[in-house]
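To keep things clear, I will list the structure first and then write my remarks on it.
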Amino acid sequence: MNFNISEHLFEQAVQVMPGGVNSPVRAYGSVGRTPLFIDHAKGSKIYDVDGNEFIDYVCSYGPGILGHAREEVVEAVQKAAVDGLTYGAPTRKETIIAEMIKAFMPSMEVMRLVSSGTEAVMSAIRTARGYTGRDKIIKFKGCYHGHSDGLLVKAGSAALTSSVPDSAGVPAGYTQTTLVALYNNEDSVRELFEENKDEIAALIVEPVAANMGVVPPKPGFLQFLRDITAENGTVLIFDEVITGFRLALGGAQEYYGIQADMTTLGKIVGGGMPMAAYGGRKEIMDHVSPVGKVYQAGTLSGNPIATAAGIKTLEILQGDPAIYERIDASAGKIAEALKERSTITGQAIQVNQVGSLLCAYFTDQPVMDYDGATSSDMNAFSNYFGYALEHGIYLAPSQYEAMFVSDAHTKEDIQKTCDVIKGQR
Ligand SMILES: *Cc1c(COP(=O)(O)O)cnc(C)c1O
């Protein structure tokens with residue numbers, strides 16, 4: 001395989017964009033390579049500008065549950081485009097998609113459409129603060145909720161309560177109200193509630209953590225969060241930007257049978273276009289402007305092209321619920337192959353899988369939290385990534401991204417992927 005044209009384009013790109021990219025993971029920094037520039041994609045395959053073909057397990061980091069350029073979705077977008085790209089006025093499609101989302105996820109009684117997951121989470125937290133009249137929030141170490149200032153925190157090493165910004169340019173004051181707990185660790189949550197009684201507006205969690213690889217909640221963990229937030233008058237926010245429509249039509253809430261007070265959606269909900277949503281109990285959402293005093297707005301919110309792509313994507317998922325069985329089974333086969341790779345090569349590999357999300361960690365200890373995830377051997381990951389790429393398998397260039405399986409992945413794709421993983425090519 002050669003990557004000459006990608007390398008050339010990268011040299012040009014770094015002159016005009018930081019690191020040559022518009023989102024840092026795309027720069028391939030953690031795998032010591034330069035990024036592939038994509039020419040086009042169709043179904044399960046992605047093609048770079050040098051003409052190399054790959055089976056794609058990045059799926060744009062989550063939206064691509066139906067694979068690339070699914071005909072019905074492309075048609076819906078084309079049809080919508082002819083009627084105008086944006087109006088800044090209400091359309092019927094916004095209500096249609098909101099009604100669909102509510103039917104799948106009944107806890108989202110009232111919602112707002114926005115343009116990115118970051119915006120959805122930022123707005124949900126502002127709403128929870130406006131509703132409770134409290135300032136503090138709890139998030140979990142290793143969970144990602146977009147790049148708004150207050151959420152770019154890492155826990156101080158001594159006490160979990162001393163949050164410091166995880167990015168330059170974030171004033172320390174912005175993260176002082178963000179408390180950090182440990183995923184799958186009930187005591188760390190209990191402690192924060194005890195120390196900050198009646199001060200916590202919201203607790204936000206990825207119900208399946210999918211931004212430190214894939215870390216499933218321990219049995220009972222989500223129910224514990226449901227109970228302790230209810231006892232303390234704290235708004236429980238499920239960040240389902242990845243899990244929404246991915247684990248089930250009703251997301252993690254349906255998958256685990258637990259309802260949140262507020263939910264954030266993104267990725268799949270826009271069908272590949274920039275759209276996201278936040279919503280929850282009417283009583284809470286009634287605090288959003290113009291009904292309530294929490295301000296939030298967006299020039300392109302509820303954009304007619306994005307809603308067209310989103311509606312079509314949700315319609316396809318709704319019309320074929322067996323999709324979830326198929327993609328989960330495909331992911332299961334890949335998980336098995338990874339375990340076999342470990343046996344064949346003698347290399348320590350832990351595989352975490354929840355539905356069509358999976359991740360291989362290069363460690364001999366089960367991964368249940370952030371410290372577990374970061375114990376993975378980065379050299380081993382880098383080597384595995386390069387090996388897969390050279391054999392036609394396109395993985396995310398980071399240990400901390402999930403592998404996404406789509407409904408466009410055929411039996412042959414999965415078989416080829418498993419063969420490569422096992423080293424038989
Ligand atoms: C991707 C992601 C976000 C941010 O969404 P953007 O559209 O990239 O702003 C927020 N939360 C979770 C769980 C995500 O995976």
Looking at (1) more than 23 Å from V215 (Cβ to Cβ); (2) more than 16 Å from the ligand (Cβ to nearest atom), can you tell me which one E191 breaks? (1)
What is the one condition in (1) more than 18 Å from the chain's Cα centre (by Cα); (2) modelled with pLDDT of 95 or more; (3) at negative phi that G302 does not satisfy? (3)
Might you check whether a residue that is more than 14 Å from V215 (Cα to Cα) and of a type in the set (A, V, I, L, M, F, W, C) occurs anywhere in segment 369-379? yes
Of the residues Q318, Q415, Q347, Q353, which single one is part of a loop (DSSP other than H, G, I, E, B) and open to solvent by 40 Å² or more (accessible area, probe 1.4 Å)? Q347
D187 is checked against (1) assigned to a helix (DSSP H, G or I); (2) within 15 Å of A120 (Cα to Cα); (3) not hydrophobic (A, V, I, L, M, F, W, C) and fails just one. What number does that condition carry? (2)
Under the condition of being within 18 Å of A80 (Cα to Cα) and out of contact with any Leu (no Cβ under 8 Å at 6 or more places or on another chain), which residue from segment 272-298 is surrounded by the most Cβ atoms within 10 Å (Cβ to Cβ)? G272
Among (1) closer than 28 Å to S23 by Cα; (2) in contact (Cβ under 8 Å) with a residue 60 or more places away in the chain; (3) among the β-branched types (V, I, T), the one test that T410 misses: (1)
Single match in V241, V291, V269 (criterion: β-branched (V, I, T), farther than 18 Å from Q318 by Cβ and either within 16 Å of the ligand (Cβ to nearest atom) or in contact with a Ser or Thr (Cβ under 8 Å, 6 or more places away or on another chain) (or both)): V241
What are the pairs, 6+ residues apart or on separate chains, where a residue within segment 52-76 that is within 13 Å of the ligand (Cβ to nearest atom) has its Cβ under 8 Å from a residue that is in a helix (DSSP H, G or I)? S60/K267; Y61/V25; Y61/K267; G62/K267; G62/I268; P63/K267; P63/I268; P63/G270
Looking at E191, E186 in this structure, which one is touching a Phe, Trp or Tyr at 6+ places or on another chain (Cβ under 9 Å) and open to solvent by 50 Å² or more (accessible area, probe 1.4 Å)? E186
Condition test on G233, is it open to solvent by less than 10 Å² (accessible area, probe 1.4 Å) and in contact (Cβ under 8 Å) with a residue 24 or more places away in the chain? no
Restricting segment 120-137 to residues that are assigned to a helix (DSSP H, G or I) and either open to solvent by 40 Å² or more (accessible area, probe 1.4 Å) or farther than 18 Å from G266 by Cβ (or both), the one nearest to the ligand (Cβ to nearest atom) turns out to be M122
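The values are calculated or read from the model by the stated rules, or taken from the named source; none is laboratory data. Since the structure is predicted, the reported quantities are computational estimates derived from the model, not experimental observations. All Cβ positions, glycine included, derive from the backbone under ideal geometry; neighbour counts span all protein chains shown. Surface areas here come from the heavy atoms of the whole protein model, side chains and all, with no ligands, DNA or RNA. Shrake-Rupley method; radii C 1.70, N 1.55, O 1.52, S 1.80 Å.
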